[in-house]
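Quick notes on the structure that follows.
The values are calculated or read from the model by the stated rules, or taken from the named source; none is laboratory data. Because the structure is predicted, anything quoted here is derived from the model rather than measured. Cβ: placed from backbone, ideal geometry, glycine included. Neighbour counts: every protein chain shown. Surface accessibility is based on the protein's heavy atoms, side chains included, excluding ligands, DNA and RNA. Shrake-Rupley method; radii C 1.70, N 1.55, O 1.52, S 1.80 Å.
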Amino acid sequence: MPDPLPDNSCAAIGAAAPDDWRDGGFGLYVHWPFCAAKCPYCDFNSHVTDRIDQSRWAAALSSEIARLGDELPGRHLGSIFFGGGTPSLMLPETVDTVLRAARAAWGFANDIEITLEANPTSVEKTRFAGYAEAGVNRLSMGVQALNDDDLRRLGRLHSVAEARAAFDVARDSFARVSFDLIYARQNQSRDDWRAELSEAFSMAVDHLSLYQLTIEPDTAFGARAAAGRLRDLPDDDLAADMYLDTQDICAGAGMAGYETSNHAAADAESRHNLIYWRQGDWAAVGPGAHGRITLPQGRHATEAHRMPGEWLHAVERDGTGESLRTFLPPDEQALEYLLMSMRLAEGMDEARYARLAGVPLSARAVAELEELGMVRRDAGRLAATRTGRPVLNAILRQLAA
């Protein structure tokens, strides 16, 4: 059930500006929770199962979209993102049903971006043409490494040859294709990573998501690390050097980092993820999906039941898979905007932050960070510098204090 609004909520909402979300746009996130195997580094809400009634799942996802469409009438979707899990385990017919439901609930922008995450196995690539026919126009491929030994260590089910073949098929089916790589892997040197990036650019990609391997506690890698069995990971200094190498090499190849871990050619940025970082609204459906929606009563965070079976039964039994809806007062919105927008190379709009928070950023904190060369100000925006980006968390702590 939604949290009750505070007594002064009307005044607070007025201060936050009910249309603030328009600065970031409006999108739909669809979570498909199933995978063929659980990767040892993954802490996402993903589950392995042998049998999936796809028609039942398509109906439940469509029902959730219709419910949210009734709550958020008159909007136009700028993006739709199928994430997971492994959305390329969805049948094209399932994707088509969900997209039809989204179009019925909201209008589509003329240039809507519809992204689907995919693994580059030989089985999944056979579905690419069907996704394109359903309306998907951007594919995000989980390649993760261009080295077969490392792919096996990461628990991936594809080879480098399969990844390259799937990428070629994707290029024939979609106008835009991105893929993910993980660096700071076991036994990986700076030269190894530089060579791998060069190989990635040879594939004529226009968007790369490049993530440092993070060892999360509730994962197989986390358990191995705790037992002292995850050896030969780069130390912090080497990982930091790899991050800076990434920024320099990508910028030199015409794909500057527009966000902490994302790089794109001109006009190839992920529009959906920009909604998150620019604090727009997004409706979210599927197990464990988190959304942000602005209603007449104010902006709210939404959360769905995590377990697939529980979510599915809740939708069918209760007419909603939502487990929590929380009112976000303006000061919390301001903090979210600070934390998310500073990940972007464009930084944050200081006036927008002040409108949400009711007060501007601390002049002293900003001046100290400027003097250290960690941030820069330009035309009313505040952004981290090249020196500041590797220590962004420390910058955020100072700005949020």
Inset, instruction - Show the residue pairs that are 6+ apart or on different chains and have beta-carbon atoms under 6 Å apart, the first residue being within segment 101-117 and over 18 Å from residue 284 (Cβ atoms), the second being open to solvent by 50 Å² or more (accessible area, probe 1.4 Å). - result: 107/76; 109/76
Legend entry - Scan of segment 223-243 for residues that are surrounded by 14 or more Cβ atoms within 10 Å (Cβ to Cβ) and either in a loop (DSSP other than H, G, I, E, B) or modelled with pLDDT of 85 or more (or both), ordered by number: 230, 233, 234, 238, 239, 240, 241, 242, 243
Legend entry - Criterion (in contact (Cβ under 8 Å) with a residue 24 or more places away in the chain, of a type in the set (Ser, Thr, Tyr) and touching a helix residue (DSSP H, G or I) at 6+ places or on another chain (Cβ under 7 Å)) met by exactly one of 353, 337: 337
Legend entry - Within segment 250-285, considering residues that are acidic (Asp, Glu) and touching a residue at least 60 places away in the same chain (Cβ under 8 Å), the one farthest from residue 110 (Cα to Cα): 259
Inset, instruction - Could you check how many residues of segment 60-95 are of a type in the set (Asp, Glu) and crowded, with 18+ Cβ neighbours inside 10 Å? - result: 1
Inset, instruction - Give the residue, chosen from 198, 209, that is of a type outside the set (Asp, Glu), modelled with pLDDT of 90 or more and loosely packed, with under 15 Cβ neighbours inside 10 Å. - result: 198
Inset, instruction - For segment 343-356, enumerate the residues that are open to solvent by less than 50 Å² (accessible area, probe 1.4 Å) and either part of a helix (DSSP H, G or I) or out of contact with any Phe, Trp or Tyr (no Cβ under 9 Å at 6 or more places or on another chain) (or both). - result: 347, 350, 352, 353, 354, 356
Legend entry - Pair list, Cβ < 6 Å and 6+ apart or interchain, from segment 150-164 residues that are of a type in the set (Gly, Ala, Ser) to residues that are open to solvent by 30 Å² or more (accessible area, probe 1.4 Å) and assigned to a helix (DSSP H, G or I): 159/148
Inset, instruction - Take segment 364-384 and flag every residue that is exposed (fewer than 15 other Cβ atoms within 10 Å of the Cβ) and within 17 Å of residue 341 (Cβ to Cβ). - result: 377, 378, 379, 380
Legend entry - Scope segment 40-59; condition outside any helix (DSSP H, G or I) and open to solvent by less than 20 Å² (accessible area, probe 1.4 Å); matching residues: 40, 45, 46
Inset, instruction - Working only within segment 96-129, note down all residues that are of a type in the set (S, T, N, Q) and either touching a strand residue (DSSP E or B) at 6+ places or on another chain (Cβ under 7 Å) or buried (at least 23 other Cβ atoms within 10 Å of the Cβ) (or both). - result: 115, 119
Inset, instruction - Under 7 Å between Cβ atoms, at least 6 apart or on separate chains: pull out the pairs that start in segment 80-98 with a residue that is in contact (Cβ under 8 Å) with a residue 60 or more places away in the chain and end on any residue that is open to solvent by less than 10 Å² (accessible area, probe 1.4 Å) and among the hydroxyl-bearing types (Ser, Thr, Tyr). - result: 81/115
